[in-house]
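Inspection log for the structure reproduced underneath, given as structure tokens.
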Amino acid sequence: VGHEWQISPNPMSDESPKRRERAPSMDNPEPQPIPGTEGAFPSHLSVDNPVLLDLGTTQDKMVIVMVGLPARGKTHIGRRLARYIQFFHNTPTQVFNVGDYRREHSGAHLPSSFFDHHNQDAMKARMEAAQHALADLKAFLGEKGSRVGFFDATNTTKERRRWVVDELKDLKVKVMFVESVVTDMDLVDRNIRAVKLGNPDWKGVDPEEAVQQFKERIVKYASVYETIDEDDPAESKYTWIKVIDCCKFKFNRVRGYLASQILQFLMHCHLEPRPFWLTRHGQSEYNLLGKMGGDSGLTEMGEAYAVRLAGVVDE
């Protein structure tokens, strides 16, 4: 994501036999937490990292609300984003998936009619699952040291998104919506077969029948789906990022270090696995002389390798 960060044991820690003591000075000042962050980080984490200090105060917590139709990669994106924030920023996160709560309260294998917006009994049950998930998220954010909670659900209507915002007002947290829009129906179909068939909802169900039933479920959601509307007076005031086919991005009111890092991460996120090719440079002049390091030019063989590599990539 622009830069690679690697968390590793601090060679200057107390456990290191080679720890060098240096008195604070103008060139080596004593690390100071920003006001309000005292005790914000667990004792085993260092607070002398300027990236960590830039995250904000203990009150500066965030809820990321996923938005989108089923099989659009919301859970995949949310979990990868949570792992990124947790690992690279030492920031406690937790994902609250409403589907898990719904399965716990209403069972796993449900007919598509359960997801019909006009089915009042089902709507009540689905709303109860959302309320329980959001209540647990709020409890998590009330814990000392917690920072980012994910509300993973479809949240496909303006009314639902407004409800989420209203429910979180008392916590005084930052709310960011992340919507995944996928217009490639072939990709949606591949996602259903690769991911959704392993879902508890379809355990023991014939794969082709499960695919058909899941598509019927999507139709129910699509009948009331309202994408985040930049022209809506209320939604134009929200902080949101819209990811379209993993290649186009729209965003609104994305401010602050962590929010900007989230946007940058999403711009490098994909819904399907893809290969990465790693290669060394062609032979350099220092390679030929047996020298290590430096930044010398390429030899004739190195130039030939570069040209040949470009041809392989084009193919």
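The values are calculated or read from the model by the stated rules, or taken from the named source; none is laboratory data. Everything numeric in this text was worked out from a predicted model, so none of it was measured. Every residue, glycine as well, gets a Cβ built from its backbone with ideal geometry; the counts of neighbours run over all protein chains shown. The area values use the complete protein model at the heavy-atom level, side chains included, leaving out ligands, DNA and RNA. Shrake-Rupley method; radii C 1.70, N 1.55, O 1.52, S 1.80 Å.
Tabulated data
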| quantity | calculated |
| --- | --- |
| Scan of the stretch 147-163 for residues that are modelled with pLDDT of 95 or more and either among the polar types (S, T, N, Q) or crowded, with 22+ Cβ neighbours inside 10 Å (or both), ordered by number | V148, G149, F150, F151, D152, A153, T154, N155, T156, T157, R161 |
| Scan of the stretch 95-120 for residues that are under 28 Å from the mean Cα position of the chain (by Cα), surrounded by fewer than 18 Cβ atoms within 10 Å (Cβ to Cβ) and not in a loop (DSSP other than H, G, I, E, B), ordered by number | D100, R103, E104, H105, S106 |
| Flag for K61 being surrounded by fewer than 13 Cβ atoms within 10 Å (Cβ to Cβ), at pLDDT 90 or above, charged (D, E, K, R) and out of contact with any Asp or Glu (no Cβ under 7 Å at 6 or more places or on another chain) | no |
| Selection count where residues are within 21 Å of T156 (Cβ to Cβ), without any contact (Cβ under 8 Å) to a residue 24 or more places away in the chain and either assigned to a helix (DSSP H, G or I) or among the small types (G, A, S) (or both), scope the stretch 241-271 | 0 |
| Enumeration of residues in the stretch 123-172 that are closer than 20 Å to L110 by Cα and among the charged types (D, E, K, R) | K124, R126, E128, D152 |
| Residue match in the stretch 130-143 (condition: open to solvent by 30 Å² or more (accessible area, probe 1.4 Å) and of a type in the set (S, T, N, Q)) | yes |
| Only listed residue being within 26 Å of F88 (Cα to Cα) and either open to solvent by 30 Å² or more (accessible area, probe 1.4 Å) or in contact with a strand residue (DSSP E or B) (Cβ under 8 Å, 6 or more places away or on another chain) (or both), chosen from P275, P233, P200 | P275 |
| G256 being touching a helix residue (DSSP H, G or I) at 6+ places or on another chain (Cβ under 9 Å), open to solvent by less than 60 Å² (accessible area, probe 1.4 Å) and more than 29 Å from P70 (Cβ to Cβ) | no |
| Set K158, K144, K124: member being in contact with a helix residue (DSSP H, G or I) (Cβ under 7 Å, 6 or more places away or on another chain) and basic (K, R) | K158 |
| M123, sole failed condition from (1) without any contact (Cβ under 8 Å) to a residue 24 or more places away in the chain; (2) of a type outside the set (G, A, S); (3) closer than 23 Å to D60 by Cα | (3) |
